[in-house]
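This report refers to the structure that appears directly beneath it.
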């Protein structure tokens with residue numbers, strides 16, 4: 001099956017490139033700068049429309065679009081603005097600082113927005129150098145601001161060097177052209193070192209902030225570790241506690257051994273379902289019909305019953321009175337308009353019964369079952385949550401190797417209680433591994449299948465391929481230049497956007513089925529999956545599918561890969577300009593509208609009857625970094641790859657991150673919640689992937705320079721760059737990764753020392769003394 005997919009991909013690439021290479025001059029029309037202008041106008045109109053719509057809706061529905069301001073009765077005390085103005089929220093969002101982001105949105109939001117700030121700084125500096133130095137020099141020698149195939153297949157630089165070679169007896173370019181090419185080498189070094197410098201600076205900021213922020217916490221979660229691989233003989237509290245304390249890593253406060261609570265979890269889930277149904281049925285019932293016993297008694301007092309000693313139940317009244325009047329109490333509608341339901345499958349079959357009474361009986365039965373189930377014995381699993389007596393001891397235990405055997409006594413920091421997926425905690429190691437590996441294999445196969453539509457999407461950029469598969473459309477496009485620019489220039493970006501929209505949610509569902517213990521682990525795993533998909537399928541495959549005429553040949557001769565990548569990058573430069581403009585200027589403002597919530601809001605509001613449903617209606621949506629983070633990383637990588645070659649992409653990327661920074665700042669502070677335990681775990685993912693982007697940038701520039709006669713000399717000057725880049729990755733993994741994962745003992749002790757001191761005011765002077773209240777006399781404790 002896999003070989004069939006690869007053959008289909010190779011065949012589609014061959015058909016495309018057979019036509020692509022049939023004309024040595026590539027005289028098919030490429031999207032021109034006019035397409036970029038049209039895309040800019042279109043995206044600007046979309047963005048302004050979304051911004052205006054959001055400002056109006058925010059004014060009309062503040063509880064929906066600024067829901068965190070009203071969450072828990074506004075206990076968070078978020079900044080406010082004049083709700084009478086239309087754009088007053090903009091200045092408030094602009095003034096929010098990093099410390100407020102930490103306070104309002106947590107450490108993960110601080111890390112995420114810090115990535116955007118780093119990208120803004122990086123692309124601002126690169127854009128200045130590109131606009132002021134690179135593009136003017138390139139224009140002087142080539143007549144083009146950007147090095148790409150805008151109007152023809154060959155770049156202006158290639159034409160310049162070819163003409164120089166034809167008029168020269170030497171095999172190397174003239175000194176002028178050689179100087180021009182040396183500029184590429186110098187700025188490849190400069191942009192690489194600038195990116196690494198900003199990465200390291202941001203890493204230090206994240207690490208220091210993380211240590212200071214988490215070092216102050218002393219909650220139960222911070223003192224708890226998750227212990228897996230517990231032997232059978234130690235799956236009992238006292239034995240496990242004794243074993244841990246024998247290791248002298250601290251005292252144990254409490255232990256919760258996870259057991260096979262699957263049946264009990266199912267009872268609780270069913271109980272939750274019954275409660276929600278009962279709430280709905282209760283509110284569907286008219287207020288004066290909800291309590292049948294009360295109204296039976298009321299009917300008896302009015303003389304409708306034979307005896308004051310009769311039962312107050314419905315059945316008792318009907319049976320004991322025996323009179324037609326009593327039976328008519330229900331049949332004539334006194335209580336007949338109470339909600340009914342069928343007891344059969346799916347609520348479609350079986351006899352009709354009183355819904356409230358039926359659900360109440362179910363609830364009582366479930367409560368009794370749960371009480372009985374809690375008394376039963378459940379087999380212990382090899383997982384336990386161990387709470388230590390201090391945060392420092394928990395951190396030491398989480399980093400220690402507790403057993404000499406493999407897969408025994410493996411320690412990790414525990415997730416927060418609300419972050420744990422308890423149904424997965426009950427899984428055995430075998431069940432969890434089977435879920436993880438089966439879903440991973442399925443995702444890999446899905447990615448291979450997606451290669452085919454992505455590679456065919458790339459052929460829309462080629463008019464000759466369109467002419468072969470759709471002759472009528474090809475003929476029409478040849479006669480109409482604007483239609484050709486729309487189909488080959490604009491349409492692929494919108495199809496690309498649609499393809500990039502649905503797949504991440506599909507991966508999110510698959511990740512939720514993988515058996516991971518916490519939502520945080522799912523989120524980190526989803527970032528990796530979605531980035532792999534968009535980077536491999538929507539960047540590499542999409543870019544290389546357009547020019548890899550000898551697909552298997554490039555696999556066998558790896559020396560051609562850099563040249564092939566550089567060729568493909570130049571061919572797709574205008575496509576990526578259009579894509580970044582659409583995603584940044586056009587699509588980012590639509591994120592403010594929370595389209596999913598907005599579309600379903602009228603329908604959900606109409607159906608929201610219970611207090612629980614009304615509360616859920618205005619609950620902030622969940623912000624998932626697994627869905628939001630991969631695309632900005634890809635945009636940064638694309639911008640880095642084109643940083644020396646295209647000023648338009650640099651400026652477009654800068655606009656993308658500027659708009660995205662303020663959109664996400666508003667969402668994370670005012671509109672959305674991030675439920676997983678906020679510990680800043682997304683930064684290592686960002687760092688490693690930006691390093692991958694730098695490696696592709698260096699490979700692209702090496703291929704660009706190697707495409708010239710004698711260019712291998714210039715290209716060889718770039719060989720140290722990958723080694724230097726990888727050395728910084730090694731340094732991050734060795735020196736920064738532990739600090740990005742754990743809390744340093746010095747941070748904990750510093751916080752403990754700070755908490756053990758009190759500020760004492762004596763004669764308008766403030767001093768710090770050890771916190772020994774019993775020994776203090778005279779001074780006033782502040």
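The values are calculated or read from the model by the stated rules, or taken from the named source; none is laboratory data. Here the structure is a predicted model, which means the values were calculated and not measured. Counting neighbours? That spans all protein chains shown, and the Cβs are built from the backbone with ideal geometry, glycine included.
Would the stretch 710-719 turn up any residue that is under 19 Å from residue 539 (Cβ atoms) and in contact (Cβ under 8 Å) with a residue 40 or more places away in the chain? No, every residue in the stretch 710-719 fails to be under 19 Å from residue 539 (Cβ atoms) and in contact (Cβ under 8 Å) with a residue 40 or more places away in the chain.
The stretch 103-206 holds helices (runs of 4 or more DSSP H) entirely within its bounds, and those carrying 3 or more residues that are at pLDDT below 90 map to 135-142, 156-166.
Of all residues in the stretch 394-407, which are surrounded by 19 or more Cβ atoms within 10 Å (Cβ to Cβ) and under 28 Å from residue 261 (Cβ atoms)?
If we filter the stretch 394-407 for residues that are surrounded by 19 or more Cβ atoms within 10 Å (Cβ to Cβ), which is where we start, we get 394-395, 397-398.
Passing the criteria: 394, 397, 398.
Among the residues of the stretch 551-564, none qualifies, meaning not one is closer than 24 Å to residue 499 by Cβ, in a loop (DSSP other than H, G, I, E, B) and at pLDDT 65 or above. For the stretch 488-497, the condition of being modelled with pLDDT under 75, crowded, with 18+ Cβ neighbours inside 10 Å and not in a helix (DSSP H, G or I) holds for none of the residues.
Using the structure shown, decide if residue 255 is touching a strand residue (DSSP E or B) at 6+ places or on another chain (Cβ under 6 Å), closer than 23 Å to residue 408 by Cβ and either at pLDDT 85 or above or crowded, with 17+ Cβ neighbours inside 10 Å (or both). Yes: the conditions hold for residue 255.
May I ask you to verify whether residue 535 is modelled with pLDDT of 90 or more and either closer than 25 Å to residue 707 by Cα or touching a helix residue (DSSP H, G or I) at 6+ places or on another chain (Cβ under 8 Å) (or both)? Spell out the reasoning first.
Values: modelled with pLDDT of 90 or more: no; either closer than 25 Å to residue 707 by Cα or touching a helix residue (DSSP H, G or I) at 6+ places or on another chain (Cβ under 8 Å) (or both): yes.
Criteria not met by residue 535.
When residues in the stretch 505-518 are screened for being part of a helix (DSSP H, G or I) and surrounded by 20 or more Cβ atoms within 10 Å (Cβ to Cβ), 2 of them pass.
One residue stands out in the stretch 342-386 among those that are part of a helix (DSSP H, G or I) and at pLDDT below 80: the one that is surrounded by the most Cβ atoms within 10 Å (Cβ to Cβ), namely 347.
Residue 77 - would you say it is touching a residue at least 12 places away in the same chain (Cβ under 8 Å), more than 18 Å from residue 203 (Cβ to Cβ) and either part of a helix (DSSP H, G or I) or assigned by TED's automatic domain parsing to the domain that holds residue 681 (or both)? Answer is no for this residue.
When you check residue 386 against the structure, is it touching a strand residue (DSSP E or B) at 6+ places or on another chain (Cβ under 9 Å) and without any contact (Cβ under 8 Å) to a residue 40 or more places away in the chain, yes or no?
On the way: touching a strand residue (DSSP E or B) at 6+ places or on another chain (Cβ under 9 Å): yes; without any contact (Cβ under 8 Å) to a residue 40 or more places away in the chain: no.
No: the conditions fail for residue 386.
How many residues does the stretch 418-438 contain that are touching a strand residue (DSSP E or B) at 6+ places or on another chain (Cβ under 9 Å) and either under 18 Å from residue 246 (Cβ atoms) or not in a strand (DSSP E or B) (or both)?
From the stretch 418-438, those touching a strand residue (DSSP E or B) at 6+ places or on another chain (Cβ under 9 Å) are 419-422, 424-429; that's our starting set.
Imposing the further condition that a residue be either under 18 Å from residue 246 (Cβ atoms) or not in a strand (DSSP E or B) (or both) reduces the set to 419, 421-422, 424-429.
Selection size over the stretch 418-438: 9.
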